[in-house]
Amino acid sequence: MAIPEIERILSCDESGRAAIEKAQEDSEELISRAEQEIKDFQRQAQAEIDEFKQKEISAILQDADKKAKEVEREARDYCHSLEELFAGQEEELVNEFLKRFYREAGLEKDTL
């Protein structure tokens, strides 16, 4: 084998090693960028999930508040109707109570 062939083989060997090192560096850089992109995507996805959850929670709370106000209004209306009913029958209820009281006490007071 002649020296020029050996030099060519050594030159090809060095070129091959350099190409392999460059490929390794490139692959490490690609892996690093891909890992960073994955982390960025995960952060973005988590932020979107958090935003979605916050909107849903807010909507649920608004709906619950609306329903609570409606139930409160209905309860107030019902209490008011009971007050009106009692006020309209208060005198009659008191008279009936007194008659029953006197009757059970044995005092029979029919003049009420």
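The values are calculated or read from the model by the stated rules, or taken from the named source; none is laboratory data. On a predicted model such as this, the values are computed, not experimentally measured, just so you know. Glycine gets a Cβ as well: all are built from the backbone with ideal geometry, and neighbour counts include every protein chain shown.
Okay, here's what the table says:
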| item | result |
| --- | --- |
| Test result for ILE20, at pLDDT 95 or above, of a type in the set (A, V, I, L, M, F, W, C) and surrounded by 10 or more Cβ atoms within 10 Å (Cβ to Cβ) | no |
| Check on GLU51, surrounded by fewer than 10 Cβ atoms within 10 Å (Cβ to Cβ) and either part of a helix (DSSP H, G or I) or over 48 Å from the mean Cα position of the chain (by Cα) (or both) | no |
